[in-house]
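Here the structure is laid out as structure tokens; the discussion comes afterwards.
The values are calculated or read from the model by the stated rules, or taken from the named source; none is laboratory data. Model, not experiment: these values are computed from the prediction. Because the Cβ atoms are built from the backbone with ideal geometry, glycine has one as well, and the counts that use them run over all protein chains shown. Areas reflect the complete protein model, heavy atoms only, side chains present, ligands, DNA and RNA absent. Shrake-Rupley method; radii C 1.70, N 1.55, O 1.52, S 1.80 Å.
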Amino acid sequence: MPINYKRYPYNFRTTLHQQVSNRSGESCEKCGLKNGTIVISHVVKKWNGKRWVYRRDWSPLGSLGTFVNPKEVKVVLTKAHINHDSNNPHITASDLLHLCQLCHLRYDSYMKARRKACGKWCLWPNCNISTCLEYLPR
């Protein structure tokens, strides 16, 4: 999703961006991949106890093995909100994580599932579904 800079403080692109980049050392804070690294993206089939689940995973370029639907991907680091509150105008560098695109999608997956259950008027992170239903337009 594209970023809307109007929802962030004036120093987001300069000071906050630099502070988060310096803290992470231009690496993903979850998996450790460096920004700009080329990896192999492939499909992994796993049993989760109830059914087979297909999900994308990454392997280092040049790894041995047979991959399903392999393709080369360039790692791009993004800023993720720790508490998923993108409407907070008083954000600081400690409220942000530097994540690669795969880790960022996985980090946000729970929040996206909740928003999908509530609808587009979800009040995340203060959502408990019943409060969101009270504010739905009539």
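Some observations on this one:
- Residue match in the range 2-17 (condition: at pLDDT 85 or above, touching a helix residue (DSSP H, G or I) at 6+ places or on another chain (Cβ under 9 Å) and more than 19 Å from C103 (Cβ to Cβ)): yes
- Taken together, the residues in the range 10-36 that are in contact with a His (Cβ under 9 Å, 6 or more places away or on another chain) and hydroxyl-bearing (S, T, Y) amount to 3.
- Being open to solvent by less than 40 Å² (accessible area, probe 1.4 Å) and under 23 Å from R115 (Cβ atoms) is not true of A93.
- Test result for L64, in a loop (DSSP other than H, G, I, E, B), modelled with pLDDT under 85, more than 24 Å from K6 (Cα to Cα) and not β-branched (V, I, T): yes
- Those residues of the range 67-82 which are at pLDDT 80 or above and either out of contact with any strand residue (DSSP E or B) (no Cβ under 9 Å at 6 or more places or on another chain) or more than 23 Å from D108 (Cβ to Cβ) (or both), in sequence order: P70, E72
- Near pairs, Cβ below 6 angstrom, 6+ apart or cross-chain, from the range 6-24 (over 18 Å from D85 (Cβ atoms) and open to solvent by 40 Å² or more (accessible area, probe 1.4 Å)) to any residue that is in a helix (DSSP H, G or I) and not hydrophobic (A, V, I, L, M, F, W, C): none
- Within the range 94-138, being among the aliphatic types (A, V, I, L, M) and either modelled with pLDDT under 85 or more than 16 Å from the chain's Cα centre (by Cα) (or both) holds for M111, A113, A117, L123, I129, L133, L136.
- Residue list for the range 1-60, restricted to those being under 19 Å from the mean Cα position of the chain (by Cα), polar (S, T, N, Q) and assigned to a loop (DSSP other than H, G, I, E, B): N4, N35, T37
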